[in-house]
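K.L.:
Attaching a single structure in structure tokens format; questions to follow.
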Amino acid sequence: MGEEKTRISARSSLVEAIKGCGISGMSIDKEELRRKLLMPEYIREAVVKSMKRGFEANKAKENVVSDDAALKWEEEVVEDALAKKGNEVVVPEVPLVVFVSSKSGGGHGTKLKDRLEDLMAKEQVFDLDDKEKRPAEFVKYGLACLERLAELGDSCARLVRQRLRVMVAGGDGSVGWVLGSLAELIKQKREPVPPVGIIPLGTGNDLSRSFGWGGSFPFAWRSAVKHSLHRAINNPTRHLDSWQIVLKLPASAGDIEPPHSLRPMDRCDFSQDLDIDKKALENLACFEGCFYNYFSIGMDAQVAYGFHQLREKKPKLAKGPITNKLIYSGYSCSQGWFCTPCLGAPCLRELKKIMELYIKRPNHTDWEPISVPPDVRSIVALNLCNYGGGRNPWGHPTNEYLHKRGFLEAREDDGLLEIFGLKQGWHASFVMAELITAKHIAQAAAIKLEIKGDHCQKTFMQTDGEPWKQPLDEKSSTFVMINRMPFQHLMISGK
């Protein structure tokens, strides 16, 4: 009897997982799917060749003697593509490319990549671990090739560029990486920006959950791939806010190893927003990035950093979401998340001792100081309603509560970040179990943090699951500035 209940429970779990990924009894014809999303061969080859040649040219750019020489290979690729174009070219209804994190999904990433190449074409599936086929190369060289073909009168290339959609098979970090690269199109006025869908392969998959793609890829993943591609080319789109983060630290603080989401800035001048003189600005190191789900500082980032370090050293340990969560739990205990020694550093006991928080409220231009609650050991600025694997730490406040606090209902496209605090691990555990809500601090249209290093030599931060160790200087403050980007991304709805 017990075995029968177990089998029924297992079947029920499988059914729920399949439903979560939108798989129904509907049969999807492989050839019909290919017809809708497959680019003509001459375009596929030209895009891949442009990415490869562009990466090689960029790597050897010190050997380029002139702009004409730098552009020569681009014209060669375009001319070769036009020469291969046949008379009867079929324009796909919704051309699609997929970026795959082959190391994600507990080893399933590579198998998924092979399955996608079988359903689509090898030239339309890009491995994020292949330096020649990363998102930046796709935007800078691959899409530029399409645009150049369109300029020369190729109507097929023009329609492919206009109709293009992108899928990302990976975790939140991979999705953010692709979105950040596509944002360059807006900065360079190269619209339209392709809408993005998700195949969830990460641990938390909060972006995927927020847009209806589910929290994990199901056991019946081979058929699920077809259904995911079908939804990617047929489903409507929704809007997503994106947030710029600027990190400014004194050069004397020490070296920083930023994640993919942060890159060094050539110049930074925040004298209007920060209470420091221009001379001090000359000794600052600045980094810029973008996030879509959350920014956090404190113990949660420290635990995430430890996990990522272990995964880099011993990748075989991280075989899937369940194993990852068990490792996370172990790090939570070992890093003092549940029990901080009385003699521990002040920055471990509470952030209030090392940090000052300022916000700009909606439709306001002045910075407002916000008191950091005592005993808070982690502060999170959240853009989505999902955090930490589908949890909603902000909760569902009543209209009366929202009115009393001056808050608005949280959405991913409202131009606001929800700022909340987590105390010790027990508090965080109850929050993550959704038995209680996190400590509400504020809603903000912009955030400024000043972190002082007179009590601590370092702290930890993370954006969208990408953590880093942040060195602090004893005499000079480190600043974090967060502002909403002046555009929204289009996300393909999974439902």
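The values are calculated or read from the model by the stated rules, or taken from the named source; none is laboratory data. No experiment lies behind these values; they were computed from the predicted model shown. Positions of Cβ are generated from backbone atoms using ideal geometry, with glycine treated the same way; all protein chains shown enter the neighbour counts. Heavy atoms of the whole protein, side chains included, go into the accessibility calculation; ligands, DNA and RNA do not. Shrake-Rupley method; radii C 1.70, N 1.55, O 1.52, S 1.80 Å.
K.L.:
Within the set of pairs 6+ apart or on separate chains, which have a first residue in the range 78-102 that is among the polar types (S, T, N, Q), a second that is in a loop (DSSP other than H, G, I, E, B), and C-beta atoms under 7 Å apart?
P.N.:
Close Cβ pairs satisfying both conditions: S101/L128; S101/G171; S101/L201; S102/D129.
K.L.:
Which residue pairs have Cβ atoms closer than 8 Å, lie 6 or more positions apart in sequence or on different chains, and pair a first residue in the range 396-407 that is surrounded by 12 or more Cβ atoms within 10 Å (Cβ to Cβ) with a second residue that is assigned to a helix (DSSP H, G or I)?
P.N.:
Listed by first residue and then by second, the contacts come to P397/R405; F407/Y401.
K.L.:
Turning to a different aspect of this structure: Consider only pairs whose beta carbons are under 8 Å apart and that are at least six residues apart or on different chains; among these, list those whose first residue lies in the range 116-132 and is modelled with pLDDT of 90 or more and whose second residue is in a loop (DSSP other than H, G, I, E, B) and of a type in the set (K, R).
P.N.:
Hits for this filter: F126/R134; L128/R134; D129/K103.
K.L.:
Output the qualifying pairs, or none if there are none: Cβ atoms under 8 angstrom, residues six or more apart or on different chains, first residue in the range 483-495 and touching a residue at least 24 places away in the same chain (Cβ under 8 Å), second residue open to solvent by 20 Å² or more (accessible area, probe 1.4 Å) and among the hydrophobic types (A, V, I, L, M, F, W, C).
P.N.:
Listed pairs, sorted by first residue: R484/A445; M485/C290; F487/I186; H489/V193; L490/V193.
K.L.:
For the range 172-205, what are the residues that are open to solvent by 10 Å² or more (accessible area, probe 1.4 Å) and within 17 Å of N386 (Cβ to Cβ)?
P.N.:
Matches in the range 172-205: D172, G173, S174, G176, L201, G202, T203, G204.
K.L.:
Kindly evaluate D414 against the criterion of being open to solvent by 20 Å² or more (accessible area, probe 1.4 Å), under 20 Å from the mean Cα position of the chain (by Cα) and either over 30 Å from M491 (Cβ atoms) or modelled with pLDDT of 90 or more (or both).
P.N.:
So D414 passes the test.
K.L.:
Which residue out of E132, E123 is of a type in the set (D, E) and open to solvent by 50 Å² or more (accessible area, probe 1.4 Å)?
P.N.:
The conditions single out E123.
Let's see how each residue does on (1) surrounded by fewer than 18 Cβ atoms within 10 Å (Cβ to Cβ); (2) farther than 22 Å from G176 by Cβ; (3) under 16 Å from the mean Cα position of the chain (by Cα):
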| position | (1), (2), (3) |
| --- | --- |
| S208 | no, no, yes |
| F211 | no, no, yes |
| G215 | no, no, yes |
| S228 | no, no, no |
| I233 | no, yes, no |
| T237 | yes, no, no |
| Q244 | yes, no, yes |
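K.L.:
Additional query: Tell me, please, whether a residue that is touching a Ser or Thr at 6+ places or on another chain (Cβ under 8 Å), buried (at least 22 other Cβ atoms within 10 Å of the Cβ) and farther than 17 Å from L179 by Cα can be found in the range 139-155.
P.N.:
yes
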